[in-house]
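One structure is given below, encoded as structure tokens.
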Amino acid sequence: MNQPALAVTIGDPCGIGPEILAKAMASGEPQQKARMLFIGSADAMRRGIAVAGVDLGVKPVSSVAEVGNDPRVISILDSGVLDPAEIVIGEERAPCGAAVATWIGQAQALATRGEVAGLVMGPINSEAMAAAGALGTLMNAEPGERLLTLFSGPLRITHIFDHIYLRDVCAGLTSDLVAHSIRLTEHTLRGWGVASPRIGVAGLNPHAHGPEEDAAITPGVAIARSEGIDVSGPISPDTVFRHCIDGRYDVVVAMCHDQGHIALKTWGFEGNCGGFIGMPYLFMTVGHGTAFDIAGKGIASHAMILSALNQCAQFAAGKGFLAH
């Protein structure tokens with residue numbers, strides 16, 4: 001079977017990334033869906049495997065073509081940018097932050113060249129990357145350029161605005177931005193194997209009645225609907241997410257960060273994962289950080305990274321959402 005290839009960055013090596021990735025790969029599920037090229041420190045992955053207490057090996061490789069078929073062996077591209085002596089479990093360290101930035105850059109380059117169908121990013125520590133001057137513009141984008149999307153079973157939510165003040169959401173909403181976000185969501189989901197996406201659009205104000213609905217959301221939905229998109233809204237934000245869970249919609253377009261995040265984290269935090277719609281390649285990650293306080297103890301849950309690996313592989317193969 002011709003499986004898609006994915007690049008998987010191990011996250012900050014001082015955190016839980018290597019150990020939860022080890023647990024996820026020990027399940028055998030991701031390897032059934034895609035060929036996985038890990039990128040990072042081979043030494044960190046060996047430590048993670050030991051912490052997780054699983055039976056896996058680590059094989060250094062130099063290209064995607066060298067990824068083997070043995071599900072018990074992790075193929076890893078280790079360019080040697082990090083001295084293993086710099087890895088101190090549970091500590092924020094600038095050299096590790098710099099290495100993470102390099103690993104992500106390598107994965108992005110592979111995805112941009114089409115050598116992998118997408119990438120999955122292990123948990124990073126933004127403070128360590130900032131200390132190294134390496135945080136850069138990893139997640140920065142103009143409104144509507146790419147949309148943060150969260151997945152938790154039947155509840156999938158894209159966000160028009162992410163980390164901005166609510167007053168700026170009100171000021172920045174336009175009918176064109178709403179229509180563009182709906183259009184981008186529908187087009188991307190079709191490319192990922194969702195044949196006929198049904199989209200619900202959340203209002204911003206109680207019962208979806210307010211100036212933002214009148215000026216931007218309602219006309220934006222009308223524009224998208226006139227283009228043949230199966231979209232409904234604006235729908236009261238206190239009910240639209242339940243409608244999605246109940247199967248009425250495949251995805252909800254939320255207006256802002258907390259509107260979508262509160263709904264998803266209340267519904268099902270364990271095992272959710274996230275990604276971006278609108279990037280030139282698949283990009284999936286977890287909804288948690290490096291958990292330095294429990295790193296190295298073998299107790300961190302691998303549910304989110306397993307979901308990210310499986311969902312990215314499923315999308316890369318054009319098979320749509322994971323079964324729930």
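Below, the figures for the structure above:
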{"item": "Cβ-based net charge around P60, under 12 Å, with every Lys or Arg adding one and every Asp or Glu removing one", "result": "-1"}
{"item": "Dipole magnitude of the range 28-166, debye to nearest 20 (Cβ charges: Lys/Arg +1, Asp/Glu -1, about Cα centre)", "result": "400"}
{"item": "Evaluated over the range 73-220, the Cα radius of gyration and Dmax, each in Å", "result": "19.6, 59"}
{"item": "Calculated FRET value between R72 and A222, using beta carbons and R₀ = 56 Å, to 0.05", "result": "0.55"}
{"item": "Kirkwood hydrodynamic radius (C-alpha pairs) into Stokes-Einstein, the range 147-267, 37 °C and 0.692 mPa s, D in µm²/s", "result": "237"}
{"item": "Per-residue Cβ neighbour rank within 10 angstrom, fewest leading, V120, V169", "result": "V169, V120"}
{"item": "Cα centroid separation, the range 74-124 to the range 32-70 (Å)", "result": "13"}
{"item": "Least to most buried among M304, M36 (fewest other Cβ within 10 Å first)", "result": "M304, M36"}
{"item": "Cα-Cα separations in the chain greater than 35 Å, expressed as whole percent", "result": "22"}
{"item": "For the chain, size of Cβ-based charge dipole, Lys and Arg +1, Asp and Glu -1, in debye", "result": "820"}
{"item": "Karplus 3J(HN,Hα) series, Hz, for the range 292-299 with 6.51 cos²θ - 1.76 cosθ + 1.60 (x for Gly, Pro)", "result": "4, 5, 10, 4, x, 9, x, 10"}
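Every read-out reported here was derived from the displayed coordinates using simple, explicitly stated rules and does not represent laboratory data. Keep in mind that this is a model prediction, so the values were computed, not measured. Because the Cβ atoms are built from the backbone with ideal geometry, glycine has one as well, and the counts that use them run over all protein chains shown.
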